[in-house]
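Note sheet for the following structure.
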Amino acid sequence: MSDFLTRINRTRNNSGKQSTINLKKGQRIDLRKRDNSILTSFCVGANWGAIKTTGFLGNIKITPVDLDLSAIVFDSYNRPIDIIYFGNLRGQGIVHYGDDLVGDTDGDDGLDNEIININLNQLPIHAEQVVFVLNSYNRQDFSIIPFASIRLYEGTSTKVEKVFSTYNISSDKKFSGHISMVLGKLSRSNNHWNFKAIGEPTIDEKLADTVTSVINHYL
């Protein structure tokens with residue numbers, strides 16, 4: 001595990017409307033497509049805004065907000081076998097579509113700032129759980145971000161087919177004072193995957209710490 005924690009602490013390289021269900025702690029999501037077949041490929045997307053303030057002379061100041069969406073893959077012994085994040089954009093069966101360092105600067109454009117696509121059929125054969133987490137890289141409290149939400153949906157990075165559920169972070173008081181959270185996890189059982197919402201803030205300041213929290217409390 002130490003190799004993963006060392007790697008994710010390195011300095012980064014800059015690199016149609018749907019009905020939705022608000023995620024609730026412990027909620028299990030039925031990953032089925034429109035034709036009722038089992039969904040094998042889907043996306044997790046994070047959308048947020050930069051902080052806009054008005055100065056004494058009426059000038060507008062934009063403060064970038066850098067949130068980081070990550071996916072941690074575990075084996076049956078709860079050991080991390082891959083971590084997909086801004087410093088490691090591709091893994092077996094998982095693709096991160098790039099790091100956003102700023103957020104929306106002119107209001108909510110309705111598009112995800114960071115997206116992770118996961119193909120369940122292409123995950124490593126020894127992968128048993130995949131946990132999705134969100135961290136505020138510059139340690140900006142979730143409560144001061146004008147808007148921040150995460151959604152789980154069928155589709156691609158450029159086309160949303162069906163939104164299964166959403167999680168509004170900035171409007172939920174339990175995230176006030178926190179800069180990291182655990183969204184939820186995929187678990188394999190008899191070669192079938194299900195998604196369970198966790199939706200809990202953590203006291204961590206870095207992704208490496210969040211990985212440790214996941215191992216200790218959420219597997």
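Bear in mind these aren't lab numbers, they're just calculated from the coordinates by the rules spelled out. Keep in mind that what you see is a predicted model, and the values were worked out from it rather than measured. All Cβ positions, even for glycine, are placed from backbone atoms using ideal geometry, and neighbour counts span all protein chains on display.
Odds and ends about this structure:
- Centroid-to-centroid separation of the range 35-111 and the range 117-147 [C-alpha atoms, Å]: 8 Å
- Cα→Cβ-extended label distance, 7 Å offset, between Asn194 and Gln27, nm: 1.6 nm
- Backbone N within the range 152-178 under 13 Å of label point (7 Å from Ile51 Cα along the Cβ vector): 177-178
- Value of Rg to Rh for the chain (Rh from inverse mean 1/r over Cα pairs, i.e. Kirkwood): 0.96
- Modelled this way, with points 7 Å down the Cα-to-C-beta line, the labels at Asn138 and Ser171 are 2.5 nm from one another.
- Listed pairs Lys159/Lys196; Lys61/Lys196; Lys162/Lys185; Lys61/Lys174 exceeding 29 Å between Cα atoms: Lys61/Lys196
- Whole-Hz Karplus values for the range 98-105 come out as x, 8, 9, 9, 10, x, 5, 9 Hz, taken residue by residue from phi with 6.51 cos²θ - 1.76 cosθ + 1.60 and θ = phi - 60°; glycine and proline positions read x.
- Under 5 Å between amide hydrogens, built in the peptide plane, is the criterion, and for Leu31 it picks out Phe195 among residues at least 5 positions away or on other chains.
- Label positions at Asn119 and Asn59, each projected 7 Å from the Cα along the C-beta direction, are separated by 5.0 nm.
- Cut-off under 5 Å, modelled amide H: who pairs with Gly103 long-range: Val65
- Per-residue 3J(HN,Hα) values for the range 202-219, derived from phi via the Karplus relation 6.51 cos²θ - 1.76 cosθ + 1.60 with θ = phi - 60°, read 10, 8, 6, 10, 9, 4, 4, 5, 5, 4, 5, 4, 4, 4, 7, 10, 10, 9 Hz in sequence order (x marks Gly and Pro).
- Base-10 log of normalised Debye intensity for the range 155-216 (one unit scatterer per alpha-carbon) at q = 0.14, 0.18, 0.22, 0.28 Å⁻¹: -0.57, -0.86, -1.04, -1.14
- Karplus-derived HN-Hα couplings along the range 36-43 (A = 6.51, B = -1.76, C = 1.60, θ = phi - 60°), whole Hz, x at Gly and Pro: 6, 7, 6, 6, 10, 9, 8, 10
- Taking amide H positions as modeled 1.01 Å from N, with prolines and chain starts lacking one, no residue 5 or more places away or on another chain lies under 5 Å from Ile145.
- Test item: Cα-centred dipole of the chain, Lys/Arg +1 and Asp/Glu -1 on Cβ, debye: 460 debye
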